[in-house]
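The values are calculated or read from the model by the stated rules, or taken from the named source; none is laboratory data. Not measured: the values here are computed from a predicted model. As a convention, Cβ positions derive from the backbone with ideal geometry for all residues, glycine included, and neighbour counts pool all protein chains shown.
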Amino acid sequence: MNMQAMMQQAQKLQKDMMKAKKEIDEKSYVNTQSFVTVEMKGTKEVVKVTIDSDSLDKEDIEILEDLICVAVNENIKQIEKDTESKMGRFGGVAGLL
C-alpha cells in the first residue's frame, strides 16, 4: 500500500470517527426513575430534570435525591454504551477524541 492510499484511509477513519462522535453528542438520553425524569445530551450534560410533584411529599426529598442520581447515572451508562458501540470499532484511536 502506498503512502497516499494510507493517508486517504486515515482521513476516512478520522471522518468516520468524528461522525460517530457527533451522532452520540447530539443524541438525547432520557431516563425515568419513579417520578423523576432526567434528560441528557450525549456530551453527558444534564438538559432537563422533571419531577412529577403530584407524587411528592416533603418527607420524600431524600428519595427524590437518590432517584435523580440513579436517573443521571443510567443515562451516563447508556451514553458510554453507545460510545463504545459506535467508537469501539476504531480501536484505541477513539480515546483520542
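Pull up the stretch 39-64, narrow it to residues that are closer than 15 Å to K81 by Cβ and not hydrophobic (A, V, I, L, M, F, W, C), then point me to the one that is surrounded by the fewest Cβ atoms within 10 Å (Cβ to Cβ). Applying the filter and picking the extreme gives K44.
Run down I68, I51, I24, I63 and say which single residue is closer than 30 Å to Q11 by Cβ and not polar (S, T, N, Q).
Only one candidate passes the filter, namely I24.
The C-beta contact set for the stretch 60-88 (first residue more than 19 Å from K48 (Cα to Cα), second residue outside any helix (DSSP H, G or I), distance under 8 angstrom, 6+ apart or interchain) comprises D82/K27; D82/G42; T83/G42; M87/L97. Small (G, A, S) and touching a helix residue (DSSP H, G or I) at 6+ places or on another chain (Cβ under 7 Å): is that true of S34 in this structure? In short, yes. Sub-9 Å Cβ pairs linking a first residue in the stretch 24-37 that is under 8 Å from A71 (Cα atoms) to a second residue that is at pLDDT 85 or above and among the acidic types (D, E), at least 6 apart or interchain, are N31/E39; N31/E74; Q33/E74, ordered by first then second residue.
Mind checking whether some residue in the stretch 17-38 is surrounded by fewer than 11 Cβ atoms within 10 Å (Cβ to Cβ) and in a loop (DSSP other than H, G, I, E, B)? No - not one qualifying residue is present in the stretch 17-38.
Check the stretch 48-56 and report whether any residue there is under 18 Å from the mean Cα position of the chain (by Cα) and assigned to a helix (DSSP H, G or I). Full working, then the answer.
If we filter the stretch 48-56 for residues that are under 18 Å from the mean Cα position of the chain (by Cα), which is where we start, we get 48-49.
Next cut, assigned to a helix (DSSP H, G or I) only: none.
No, there is no match, as no residue in the stretch 48-56 is under 18 Å from the mean Cα position of the chain (by Cα) and assigned to a helix (DSSP H, G or I).
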